[in-house]
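What follows is a set of notes on a single structure, which appears directly below.
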Amino acid sequence: MEQDKAVYTETEKSIPVFKLLYKNLLLIVMVTVLFALIGLGYSVMRVQPTYTATRSVILRTEMDKNTTNRLPNETSLAKLYLPSVAKLIKSPAVVEKVNEAYTTEGEKITRGAISVSYGEQSFIFSISYTDKSADLAQEKLDVLIETFSNSEEFKAGVQASEVKLIHTQRQSTVTKATSYVKFAALGGVAGLVIAVAAVFLVYVLDNTIRDKVEFEELTGVDVIAYINKEKPKKK
């Protein structure tokens, strides 16, 4: 009597994502925390904090009596030219003149370190400069404002009979910024990705038979009994 041959067709099995993540949750958390601490340690040891000096100034203008398009008052005129002033102070021509006036050897003023902010309903705006030390930030900001105030670009960009920048505070306000949170977060994200990828990679490369269902699919033979190697749950 001929025995019937078992026919087995291999089917694709989905990866138990949530089961794998839950089973290896402690490992994933530990790797994530470890990489976050590494990122934090790197920022503390290798990344220097930055200092930003900020000073508020007022754009003061006087209307030209010969102009035909006169605005209601000087405040309206100042508000009109605020966007132009913000662009001019960061222009290459102005930065070049500032560097000529700034005589400290080995130090340069860069456009990327300059920032300007202002409100739509105000003619007061803030000029900021960011550098590696508080003293340098304040020093460069002072030279920047003074040079820009006397530059031809500033006077040509604002079409008024008299243009001035008036300081609203005697000294600049300096704030310190660190990268601790940034690098800790980047390290944590990197650790999380690596841990999850490692868990799934180990699962995919593991060719052992995990349960009786998989054994039946591979062999085509019904399993009558099997020994469960997992520890029984405590009641």
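The values are calculated or read from the model by the stated rules, or taken from the named source; none is laboratory data. All values derive from a computational prediction rather than experimental measurement. Quick reminder, even Gly has a Cβ in these numbers, built from the backbone with ideal geometry, and neighbours come from all protein chains shown.
Structure data summary
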{"read-out": "Check on VAL174, touching a helix residue (DSSP H, G or I) at 6+ places or on another chain (Cβ under 6 Å), modelled with pLDDT of 80 or more and surrounded by 11 or more Cβ atoms within 10 Å (Cβ to Cβ)", "value": "yes"}
{"read-out": "Residue under evaluation GLY188, criteria (1) more than 19 Å from LEU88 (Cβ to Cβ); (2) loosely packed, with under 14 Cβ neighbours inside 10 Å, criterion not met", "value": "(2)"}
{"read-out": "The one condition in (1) surrounded by fewer than 19 Cβ atoms within 10 Å (Cβ to Cβ); (2) free of Cβ contacts under 8 Å to residues at least 60 places away in the same chain that SER133 fails to fulfil", "value": "(2)"}
{"read-out": "Verdict on THR208 being of a type in the set (S, T, N, Q), outside any helix (DSSP H, G or I) and modelled with pLDDT under 80", "value": "yes"}
{"read-out": "Hey, VAL174 more than 18 Å from VAL85 (Cβ to Cβ) and more than 30 Å from the chain's Cα centre (by Cα) or not", "value": "no"}
{"read-out": "Count of residues meeting criterion [under 30 Å from ALA156 (Cα atoms) and among the β-branched types (Val, Ile, Thr)] in region 31-62", "value": "5"}
{"read-out": "Candidates VAL143, VAL163, VAL202, VAL174 - the one that is free of Cβ contacts under 8 Å to residues at least 24 places away in the same chain and either closer than 30 Å to LEU27 by Cβ or not in a loop (DSSP other than H, G, I, E, B) (or both)", "value": "VAL202"}
